[in-house]
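> Could you have a look at this structure, given as structure tokens, before my questions?
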């Protein structure tokens, strides 16, 4: 079953019982014939069984709550294919990325969206394999990315922006957990998130999950260092910490070139120091 009643959720604040495509096609531009082919392909592969309703909407994509064949909630990120907004907002991340080489921006919008979806799946997979706290990637099909749903029951976990610093159980612990994951992303996944802020860090059961990996670039990207510094500045601003993003980014980059070990908490130990110790020594 692909389309299901959603009377057990109130994402749209009302029960949904329609069994045909027309309802969803009128719900949003995201549900067009192209996207339906992607969803049916995921259904045939056993990834998707039920679509329950929208969770969030952005400029380039909408996130949909779904279930797999085992009845487990999953999240589907569906990129729009009929709007130029996607290209306008992501152009700077597309340029210079070899995965988009020879793509004609105005002509190949479908190809670009598909390449972006594959890019986000690849970035998310690399981060997840590196032990970064991110949703588990499940599958990608054309413009649809399936991943682990982070939340309680069918309720999505809030972002740090939703909660504010005062809404966190232990802000200091969350702050350092984010930095630990930023370093793991850079050193082990060899990526920079490039769009990190309080808007794409979820807080669930006292822990974090970093989402929205489409903008992530390889650390060899010519703008990677600047993106890393900006990510850190966003984190420091949210927590009200008086550190400079470029200085901490430079420290992380330097540590990436050295041998490391991992402690029992997942911190990388370089020259006998964890990142927070290295920051304290170098910048404190």
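> Is one or more of the residues making up the stretch 152-166 out of contact with any helix residue (DSSP H, G or I) (no Cβ under 7 Å at 6 or more places or on another chain), in a strand (DSSP E or B), more than 29 Å from residue 270 (Cα to Cα) and touching a residue at least 40 places away in the same chain (Cβ under 8 Å)?
Within the stretch 152-166, the subset out of contact with any helix residue (DSSP H, G or I) (no Cβ under 7 Å at 6 or more places or on another chain) is 152-158, 162-164, 166.
Then keep just the ones that are in a strand (DSSP E or B); that gives 152, 155-156.
Narrowing the set further to residues that are more than 29 Å from residue 270 (Cα to Cα) leaves 152, 155-156.
Those left that are additionally touching a residue at least 40 places away in the same chain (Cβ under 8 Å): 152, 156.
Within the stretch 152-166, one or more residues are out of contact with any helix residue (DSSP H, G or I) (no Cβ under 7 Å at 6 or more places or on another chain), in a strand (DSSP E or B), more than 29 Å from residue 270 (Cα to Cα) and touching a residue at least 40 places away in the same chain (Cβ under 8 Å).
> What number of residues within the stretch 245-280 are out of contact with any strand residue (DSSP E or B) (no Cβ under 7 Å at 6 or more places or on another chain), part of a helix (DSSP H, G or I) and over 19 Å from residue 173 (Cβ atoms)?
10
> Yes or no: residue 227 in contact with a strand residue (DSSP E or B) (Cβ under 7 Å, 6 or more places away or on another chain), at pLDDT 95 or above and assigned to a helix (DSSP H, G or I)?
Here the answer is yes, as residue 227 does meet what is asked.
> Same structure, new question: Can you tell which of 131, 151 is farther than 30 Å from residue 261 by Cβ, assigned by TED's automatic domain parsing to the domain that holds residue 42 and surrounded by fewer than 21 Cβ atoms within 10 Å (Cβ to Cβ)?
151
> Any residue at all in the stretch 177-194 that's surrounded by fewer than 17 Cβ atoms within 10 Å (Cβ to Cβ), under 21 Å from residue 62 (Cβ atoms), at pLDDT 95 or above and in contact with a strand residue (DSSP E or B) (Cβ under 8 Å, 6 or more places away or on another chain)?
If we filter the stretch 177-194 for residues that are surrounded by fewer than 17 Cβ atoms within 10 Å (Cβ to Cβ), which is where we start, we get 190.
Subsequent filtering for residues that are under 21 Å from residue 62 (Cβ atoms) retains none.
Taking every residue of the stretch 177-194 in turn, none turns out to be surrounded by fewer than 17 Cβ atoms within 10 Å (Cβ to Cβ), under 21 Å from residue 62 (Cβ atoms), at pLDDT 95 or above and in contact with a strand residue (DSSP E or B) (Cβ under 8 Å, 6 or more places away or on another chain).
> Residues that are touching a helix residue (DSSP H, G or I) at 6+ places or on another chain (Cβ under 6 Å), buried (at least 18 other Cβ atoms within 10 Å of the Cβ) and at pLDDT 60 or above: find the strands (runs of 3 or more DSSP E) completely inside the stretch 1-93 holding 1 or more of those.
73-79
> Tally up the residues in the stretch 118-128 that are surrounded by fewer than 20 Cβ atoms within 10 Å (Cβ to Cβ) and touching a residue at least 12 places away in the same chain (Cβ under 8 Å), please. So that I can check it myself, show each step before the final result.
Step one: of the stretch 118-128, the residues surrounded by fewer than 20 Cβ atoms within 10 Å (Cβ to Cβ) are 118, 122, 125, 128.
Of the ones still in play, those that are also touching a residue at least 12 places away in the same chain (Cβ under 8 Å) are 118, 125.
Final tally of qualifying residues: 2.
> Related question: Return yes or no: is residue 136 in contact with a helix residue (DSSP H, G or I) (Cβ under 7 Å, 6 or more places away or on another chain), within 30 Å of residue 32 (Cα to Cα) and surrounded by fewer than 21 Cβ atoms within 10 Å (Cβ to Cβ)? Spell out the reasoning first.
Numbers: in contact with a helix residue (DSSP H, G or I) (Cβ under 7 Å, 6 or more places away or on another chain): yes; within 30 Å of residue 32 (Cα to Cα): yes; surrounded by fewer than 21 Cβ atoms within 10 Å (Cβ to Cβ): yes.
Taking the combined requirement at face value, the residue satisfies it.
> Hey, can you tell me all the residues within the stretch 164-176 that are in contact with a strand residue (DSSP E or B) (Cβ under 7 Å, 6 or more places away or on another chain) and buried (at least 18 other Cβ atoms within 10 Å of the Cβ)?
Result: 174, single match.
The values are calculated or read from the model by the stated rules, or taken from the named source; none is laboratory data. Quick caveat: nothing in here was measured; it's all calculated off a predicted structure. Note that we place each Cβ from the backbone using ideal geometry, even for glycine, and neighbour counts take in every protein chain shown.
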